[in-house]
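Undergrad: Attaching a single structure in structure tokens format; questions to follow.
Laboratory data are not the source of any read-out in this text; all were calculated from the coordinates shown. On a predicted model such as this, the values are computed, not experimentally measured, just so you know. Cβ placement follows ideal geometry from the backbone for every residue including glycine, while neighbour counts extend to all protein chains displayed.
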Amino acid sequence: MENFISPTSTCICWIALANNLPIVIGNVGKETIYLSRTRNYGIVHFIRSSMAIAGQIFFCSVFTYTVKRKRGTFNMEETQIKNLIEQLNTANAAYYNGEEIMSNKEWDRLFNELKNLEDLTGIIFPDSPTQHVGAPIIKGLAESVHEFPALSLDKTQDMNDYINMFEKLMRPSNHNVVLMWKMDGSTVQATYTHGRLQKLVTRGDGEVGHLITHNAHNIHGLPINIPYTGKLVVRGEVVMSYREFNRIQMEDGGIYKNARNLANATISMLDSYEMAKREVHFKGFNLVYMDQLAELASFNDRLDWMQMQGFDAVDHELCDITDLQKVMQRWTDNVSHFDYPVDGLVTASDDAAYADTLAGTNHHPNQMRGYAFKWQDKEETTILRKFEWSPSVNSLNPVAVFDPVELEGTTVTRASLHNVTYLLGKDLRVGNKITVYKANMIIPQIAENLNMERHYNGDFYRYDDIWSRHSIPTQCPVCGAATKLRETGDDRNKTLVLTCTNPDCAAKKLKRFNRFVQKGCMNIKGISEETIAKFISRGFIKEFADFYKLADHKTEIVSMDGFGETMFSNLVAAVETSRKTDFVSLINALGIPNIGKGQAKVLSKAYAGDIGSFFHDVYARHSFSTIDGIGDVLESNLWDWGNEYLRYIEREDDDVFPEGINLEIYHLLQEVEITKTNGNVAATLSRKTFVITGKLNHFANRESLVEKIEALGGKVSGSVSAKTSYLVNNDVTSTSGKNKKAKELGIPIISEEELLSMLKEENA
């Protein structure tokens with residue numbers, strides 16, 4: 001290398017660099033080496049020079065300078081670009097498939113790094129995420145081309161840039177803007193003609209998405225029929241509430257990381273009936289096309305018009321640009337009270353007619369149509385001091401404990417690490433320097449391990465040192481029994497978890513017993529986890545059957561703090577009510593890993609409600625993978641659970657309960673009555689498919705009616721088709737879309753009373 005900057009040129013270099021001017025410092029062959037100021041890159045390692053030159057460059061790097069090469073010779077950068085594209089596209093595909101292998105924060109960081117490299121080198125590959133939005137199409141769903149490309153919004157985290165951009169671009173005649181939540185879910189686009197939904201498509205890659213029209217009727221806030229009869233295209237976000245996410249987590253064993261991923265996976269389910277068991281909501285944020293769009297010149301009016309058509313539009317507020325920052329701060333302060341995941345705010349010019357005239361890019365629409373302000377997650381650096389292992393029903397879940405930091409007005413010392421896979425993915429070890437933030441300004445998360453040394457490739461078992469390296473306990477911190485690592489989840493999303501091998505572990509029992517009493521399980525109302533813990537400590541509850549013997553401890557319970565005669569009577573009454581149950585509720589209550597209510601229904605159907613035969617097959621390690629909806633991983637979970645909880649005992653009634661029943665479950669079965677389907681009814685309803693719509697009068701909710709029909713051998717679908725046997729609607733004369741469809745196909749429309757009467761006749 002020759003012609004390097006001499007020491008006497010330092011002052012000139014500083015002046016030039018301070019003014020963002022590149023400086024040629026040498027040549028290597030046909031390559032030109034020069035210094036320039038940049039925001040994102042430090043000194044590139046290929047510089048070779050004397051100590052004096054190296055010191056000079058290091059001195060300059062205080063201002064974050066980088067060494068760049070003449071365009072066309074970026075071999076190292078090209079490799080880096082390809083690696084970034086692969087990482088981002090892999091994470092994107094996982095994201096839209098319901099998984100999370102990379103945080104939003106990390107994805108944004110790598111995306112910005114890629115974009116800067118592309119700007120620097122001029123190297124842009126067709127599959128770069130800077131050239132498209134969304135992710136590749138998931139196999140199994142039909143594809144649909146977007147008539148109007150579903151672009152992602154441009155975004156910033158700089159408030160001054162945000163406000164200045166609007167002030168610069170807005171017309172002097174209209175200073176109003178519309179502020180709304182940036183919902184954190186899955187973007188969809190709905191097309192209507194003649195007042196009826198024609199198709200619903202996910203964003204996909206922005207040009208082609210997944211066709212999910214079959215699931216539309218199960219998305220709250222998205223009407224199937226609307227008053228407007230012209231062509232209409234709306235765009236919105238499908239989100240899942242934190243409340244619903246927590247409910248599903250309990251049922252499915254806590255395998256999902258956040259509500260956003262679960263919402264993505266839910267809307268892309270092939271079985272709309274299974275999808276209906278999860279509650280997701282549509283939040284419309286853009287009127288993309290209508291025949292008279294120009295007549296709605298106000299963006300705020302467009303959102304209000306969407307609501308008049310029956311759509312659930314995203315929360316929004318009209319304000320003057322001069323008040324925007326103040327209003328944004330008020331919204332930000334209120335986000336902690338919002339039950340849906342959001343990761344920022346979106347502002348659009350209320351002058352929609354003007355915004356429609358402005359051009360965008362191949363990746364973003366123009367900012368006047370929508371510009372996202374992503375909350376600049378405040379990060380604090382701290383030291384990871386230890387791991388705590390929080391027991392759940394089936395696992396010990398790692399929690400990072402670190403030196404206190406102030407985040408969003410609160411002192412934070414802990415962050416959930418979800419599972420061992422997450423811990424290993426960040427290579428977290430005690431003593432690491434880490435950065436911490438609050439995701440969606442609510443949930444503490446570890447952003448980065450600043451001392452990360454090892455990148456695990458997922459094959460964790462080949463590393464012999466993961467136990468000691470990551471302080472994974474070999475003994476349960478509660479009972480002292482040995483622990484083991486186990487894979488859980490389905491074939492698409494395998495996760496490594498730590499489990500206690502002691503089935504009698506006190507902590508494990510507390511979580512198991514707490515699940516046992518929940519709604520959808522044994523449904524023993526009015527008993528909290530705290531109360532269960534007190535009962536365990538006093539020896540009242542040692543196994544499931546002991547819940548049904550609490551009346552024996554009346555004197556002691558009535559005298560406990562917080563209890564009395566009335567409360568005790570209510571508790572005993574709730575216990576007695578729960579004695580009558582069914583196969584699905586019981587299996588769901590036992591806390592078998594990843595066997596929730598949905599899987600329990602599948603097993604109930606396969607075993608015709610015969611609980612004894614099911615336990616026998618679990619104990620005997622019979623094949624379950626051949627049952628639709630189970631698969632290899634769940635089969636292995638059943639076998640592992642059986643090995644831990646089902647032990648052979650000799651009894652006189654082997655003909656009723658075959659050999660795979662342990663004492664705890666055997667005792668439980670003596671206390672409860674498992675309702676079985678009448679054979680004649682089951683045989684009749686097994687050939688019938690019902691669709692339910694409208695308000696119910698005789699059942700508490702739709703789920704209870706669904707359970708009734710399924711208990712009698714029938715099937716419930718979410719949409720009317722040629723396979724539908726009956727449409728249940730108390731408003732038989734309704735002109736709703738389902739009623740119209742049923743009449744077109746000659747399908748009987750019956751009321752609740754008619755259904756109940758029919759069931760009585762079949763059961764007679």
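Undergrad: Compactness ratio of segment 380-468: Cα Rg over 2.2 N^0.38 Å, N = residue count?
TA: So segment 380-468 has a normalised radius of gyration of 1.09.
Undergrad: Under the classification rounded if a/c is under 1.5, otherwise prolate if a/b is larger than b/c and oblate if not, where does segment 466-612 fall, given a ≥ b ≥ c as square roots of the Cα gyration tensor eigenvalues?
TA: oblate
Undergrad: Separate question: Once amide H atoms are placed 1.01 Å from N in the peptide plane, what residues at a sequence separation of 5 or more from Ser390, or on another chain, have their amide H within under 5 Å of its amide H?
TA: Amide H to amide H, under 5 Å and 5 or more residues apart or across chains, Ser390 pairs with Asn397, Val399.
Undergrad: For all pairs of alpha-carbon atoms in segment 561-635, what percent lies in each bin of width 5 Å, listed from the first bin to the last filled one?
TA: 3, 14, 21, 22, 10, 8, 8, 7, 5, 3, 0
Undergrad: Between the DSSP loop rule and a limit of at most 11 other Cβ atoms within 10 Å, which GluC sites (Glu not before Pro) in segment 397-454 are left?
TA: Filter output for segment 397-454: Glu453.
Undergrad: While we're on this one: Amide H of Val280: which non-local residues (sequence gap of 5 or more, or other chain) have their own amide H closer than 5 Å, using H built in the peptide plane?
TA: His220
Undergrad: Per 0.36 nm of contour for each residue apart, how much would the distance between Asp552 and Val732 grow if the chain were fully extended, relative to their Cα-Cα spacing?
TA: Between Asp552 and Val732, full extension yields an extra 59.6 nm.
Undergrad: Count the net charge of all other residues whose Cβ sits under 14 Å from the Cβ of Lys433, scoring Lys and Arg as +1 and Asp and Glu as -1.
TA: -3
Undergrad: Distance from a point 7 Å along Cα→Cβ of Asp504 to each backbone N in segment 389-414: keep the residues under 13 Å and list them by number.
TA: none
Undergrad: Based on the Cα atoms of segment 208-340, what semi-axes does the equivalent ellipsoid have, where each is the square root of 5 times one gyration tensor eigenvalue, given in whole Å with the largest first?
TA: The three semi-axes for segment 208-340 are 29, 23, 10 Å.
Undergrad: Where in segment 723-742 does the amide nitrogen come within less than 19 Å of the point 7 Å from the Cα of Asn697, taken along Cα to Cβ?
TA: 727-736, 739
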